[in-house]
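Only one structure is covered here, and it is reproduced in the block below.
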Amino acid sequence: MPDSNQLIDIQEVADTFGKSVESIRKYKNFGIIRVSDKRGNKDLFDRGEILQIRDRLHELRLRGLSLAQIADQLDLVQQEAQTSAARPAANPPGSVGTGDRPYRILIVDDEEQVRMPMREYLEGLGYAVSEAGDGEEALGKTFTEKPQMILLDLRLPKVDGYQVCQTLKGNPITAAIPIIMVTALDTTPQKVKGIESGADDYVSKPFDLDELAARIRMVRRRLQPALGT
């Protein structure tokens, strides 16, 4: 963890970038900047890391890249640095897999027209994707297919998303699987209930597929040391 003297709040980050706080929140949502610590509800960031990203971000912006593409480029730099410091990676830099296998994601939504574009997009990025149309099927596939992440709608037939999340997070076999809730239920009480159920992140419908991919990367990066992947 960085020295507490190195930690700055989101307003200081905004001042460092010369941007608004809302712009910095967008950078955080895309995984461009990362929260280093929390004090109460306040996000804190490492000053040294922010300065490095600021300089790199300016260069990438001049190349006309989108925020999602910038997040990808920063991920590549980080992965290359980690690979140099540790053992050689089995996958090339930027790969979404672990070892020689693609990273497995389970999409849970009762609407096929929602699942299909998500599946096609994520498979295009190299993920291995499976689907479930209700909460009961989601629980079954989690235990049989062992996904490495779940994108979970809340309004589901048979067993709702809150119950699915609570069940999986309450079972030691599945508790470590990250769950991103993807739903149109976006009021504050519903978000709080989702987080209290054990969700690792929350994406509101309608959503941009690039932002969803950035959230997936951000959750993977945040949980990487705990999962050992």
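Read-outs throughout are calculated quantities, based only on the coordinates presented, and are distinct from any laboratory measurement. Fair warning: this is a prediction, and the values are worked out from it, not measured in the lab. All Cβ positions, even for glycine, are placed from backbone atoms using ideal geometry, and neighbour counts span all protein chains on display.
Values as computed for the structure displayed
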read-out: Distance in nm between pseudo-label sites at Ser23 and Ala176 (7 Å out along the Cβ direction from Cα); value: 4.0
read-out: Translational D in µm²/s for the stretch 4-85 (Stokes-Einstein at 37 °C, 0.692 mPa s, Kirkwood Rh from C-alpha pairs); value: 249
read-out: Quarter of Cα convex hull surface for the stretch 104-227, i.e. mean projection, nm²; value: 6.8
read-out: Over 21 Å between alpha carbons, listed pairs Lys26/Lys205; Lys169/Lys193; Lys158/Lys193; Lys26/Lys169; value: Lys26/Lys169
read-out: Computed FRET value (nearest 0.05) for Asn41 with Gln113, which takes r as the C-beta separation and R₀ as 35 Å; value: 0.45
